[in-house]
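Scroll down for the structure; my scribbles are underneath it.
No value in this document is a laboratory result; all are computed from the given coordinates. The model shown is predicted, which means the values in this text are computed figures rather than measured ones. Here the Cβ is made from the backbone with ideal geometry for all residues, glycine too, and neighbour counts use every protein chain on show.
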Amino acid sequence: MPKWLDLPPIWLIATMASVYAIAQMTGPSLSWPLPWWTAVAIMAMGGGLAVWAAISFQMAKTTIVPHRTPSALITSGAFSYSRNPIYLADVIVLIGWGALFGAVLPFVLVPIFIWIIQIRFIRPEETRLSAEFGEEFDAYKSRTRRWI
């Protein structure tokens, strides 16, 4: 897989496209379809969380790009609630996207997306953070959950 394809936003966009395709094939199936603005609000919350976390990277002057070794360990802001707030934001956006179509079947893709993100990005990132920051990362890891 080319490196430019192995980025979380690419996986998110591909999963969103798959959710859309499945929703179009199966049609609405929720007995409690959400108003469109609720789904958009969920996606906006995910987007807001991603921006909040991205600002932390900028303030710490460290890389946001996966598969690169960071120069700082971020433990404040959104990172005080989740070790992976941007990935959590991606999941929130994906849930809002699925809710937009009122279909249940596409939600099967959410745990698959989480699994892919954990295997492709989170585990290697945690290995790099542990190697780079040692006990400091271990302490952070023990007090802050991976997701929420």
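Our coupling estimate for region 60-71, obtained by passing each phi through the Karplus curve with A = 6.51, B = -1.76, C = 1.60 and θ = phi - 60°, is 7, 6, 10, 6, 9, 7, x, 6, 10, 7, x, 9 Hz, Gly and Pro reported as x.
Packing, as the average of other Cβ atoms within 10 Å across residues, places the peptides 108-117, 90-99, 40-49, 61-70 in the order 90-99, 40-49, 108-117, 61-70, highest first. Here, region 1-77 yields an orientationally averaged convex hull projection of 7.4 nm² when only Cα atoms define the hull.
Taking every Cα-Cα distance in region 89-148 and sorting them into 10 Å bins starting at zero, the pair-distance distribution P(r) comes out as 20, 38, 26, 14, 3 percent. On full extension, the segment bounded by Ser29 and Ile13 gains 3.5 nm, given 0.36 nm per residue less the C-alpha separation. Against the set (i) 11, 38, 32, 15, 4, 0; (ii) 12, 43, 35, 10, 1; (iii) 12, 46, 36, 6, 0, the structure's computed P(r) over Cα pairs in 10 Å bins from 0, in percent falls on (i). In this simple spin-label approximation, Thr144 and Ala72 carry label points 7 Å from Cα along the Cα→Cβ vector, and these lie 1.2 nm apart.
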